[in-house]
Structure formats: C-alpha cells, structure tokens
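Q: Got a structure here, written out as structure tokens. Questions coming.
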Amino acid sequence: MADLTQVAADLIDAFNEADWERFRAVLSPDAVYAETGTGRRVEGADAYVQLCQGWKEALPDVRGTIRGAVAGEHTVAQELLWEGTHTGPMHTPGGTLEPSGATISVQASLWARFEGDKAREVHHYLDVLTLLQQIGAVPAPPA
C-alpha cells in the first residue's frame, strides 16, 4: 500500500506546480471536495480540478506549505500555510472579487480520506475571513 502521507503531499505539490494531470491522478474519479469557509462542495475529480484552477487564476503564485501532517489507516490531515498574490479575479459564491495585488498568508487544514491510493474525500478548512481581510474585501479588525 502507498504511503498516504506522501500521496497527500504529492497532491499539494501538484497543485503548487499547477500540474493538473498529476493532481487528477491522485484523485478518485468520484472524489468529493468540501471547502469550509466558502461553503463550496464539488463532486468528481474534474470538478475539483476546475475549482483548484480557479484558485490558481486568482492567485497564480499561490503555494501551500505543509507545516505538519498526521495519518491514520485511510486518512491524512495536513496543516497548511497558503501564500500568494491576488493578481487575478477571484470567483466566490458571492460574486467575483477583482485583483487587489495584495499578498496573502492564510492557515488551513486539509483532510483527505483515501480508498487505496486515491483521494476519495477532501475537506479543506480554510481561514477565508483572514484571506478576505488580506485582499481588502472585508475590513480588517482594528490593530
């Protein structure tokens, strides 16, 4: 059986490099993705790839750094730091946010449940409030 911690890390690396073929290869064809913070949920590997391509459109240089990971028999949880620059349109459930030029540094947790060596479910717990504050879409709290 594959080292699921490495498979989950490969998923982040493929995203970082915008290598969508390699990204898709780690996913089960019927993968389900849920994003806490935006409420987005998509079903199917192609829909998940398309959603990630949208993030890369909004933040072309965005990279996820894995700060820690734990694994169980079928699940890997990663602590991530997403960093990048908002230079493209960001499509959200509430509408499109025009590029701000702002840099982001946002913490997240990503949990992937595997069937064999393919990710079947991915749950992304993303600090969307901080992201929106950093790009100027909502007011930042007083200093």
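The values are calculated or read from the model by the stated rules, or taken from the named source; none is laboratory data. What you see is a predicted model, and the numbers here were worked out from it, not measured in a lab. Don't worry about glycine lacking a Cβ; one is built from the backbone with ideal geometry, like all the others, and counts go over all protein chains shown.
Q: Residues of region 19-55 being of a type in the set (Gly, Ala, Ser), in contact (Cβ under 8 Å) with a residue 24 or more places away in the chain and surrounded by 15 or more Cβ atoms within 10 Å (Cβ to Cβ), which ones?
A: So in region 19-55, the residues of a type in the set (Gly, Ala, Ser) come out as 25, 28, 31, 34, 37, 39, 44-45, 47, 54.
Within this subset, residues satisfying the condition of being in contact (Cβ under 8 Å) with a residue 24 or more places away in the chain are 28, 31, 34, 37, 39, 54.
The answer is 28, 31, 34, 37, 54.
Q: Identify, from the list 55, 111, the residue that is closer than 17 Å to residue 9 by Cβ and under 14 Å from the mean Cα position of the chain (by Cα).
A: Numbers: 55 fails: closer than 17 Å to residue 9 by Cβ.
The match here is 111.
Q: State the number of residues belonging to region 8-48 that are modelled with pLDDT of 95 or more, of a type outside the set (S, T, N, Q) and not in a strand (DSSP E or B).
A: 23
Q: State whether the residues of region 65-76 include one that is under 14 Å from residue 40 (Cβ atoms), surrounded by 13 or more Cβ atoms within 10 Å (Cβ to Cβ), touching a residue at least 12 places away in the same chain (Cβ under 8 Å) and not charged (D, E, K, R). Walk me through it before giving the result.
A: The first filter runs over region 65-76 and keeps only residues under 14 Å from residue 40 (Cβ atoms), leaving none.
The answer is no; no qualifying residue exists.
Q: Hey, another quick one. Please verify whether residue 105 is part of a strand (DSSP E or B), surrounded by 16 or more Cβ atoms within 10 Å (Cβ to Cβ) and of a type in the set (Ser, Thr, Tyr), treating the condition exactly as stated.
A: Numbers: part of a strand (DSSP E or B): yes; surrounded by 16 or more Cβ atoms within 10 Å (Cβ to Cβ): no; of a type in the set (Ser, Thr, Tyr): yes.
Taking the combined requirement at face value, the residue does not satisfy it.
Q: Return the only residue of 122, 128 being among the aliphatic types (A, V, I, L, M) and within 24 Å of residue 30 (Cα to Cα).
A: Values: 128 fails: within 24 Å of residue 30 (Cα to Cα).
Of 122, 128, the one residue that is among the aliphatic types (A, V, I, L, M) and within 24 Å of residue 30 (Cα to Cα) is 122.
Q: Of all residues being of a type outside the set (A, V, I, L, M, F, W, C) and part of a strand (DSSP E or B) in region 108-120, which is nearest to residue 84 (Cα to Cα)? Just the residue, please.
A: Within region 108-120, the subset of a type outside the set (A, V, I, L, M, F, W, C) is 109, 113, 115-118, 120.
Subset that is part of a strand (DSSP E or B): 109, 113, 115, 118, 120.
On the way: 109: 17, 113: 27, 115: 31, 118: 27, 120: 27 Å.
Among residues in region 108-120 that are of a type outside the set (A, V, I, L, M, F, W, C) and part of a strand (DSSP E or B), the one nearest to residue 84 (Cα to Cα) is 109.
Q: Does residue 108 fit the bill of being touching a residue at least 12 places away in the same chain (Cβ under 8 Å) and in contact with a Ser or Thr (Cβ under 6 Å, 6 or more places away or on another chain)? First the steps, then the outcome.
A: Working: touching a residue at least 12 places away in the same chain (Cβ under 8 Å): yes; in contact with a Ser or Thr (Cβ under 6 Å, 6 or more places away or on another chain): no.
No, not satisfied.
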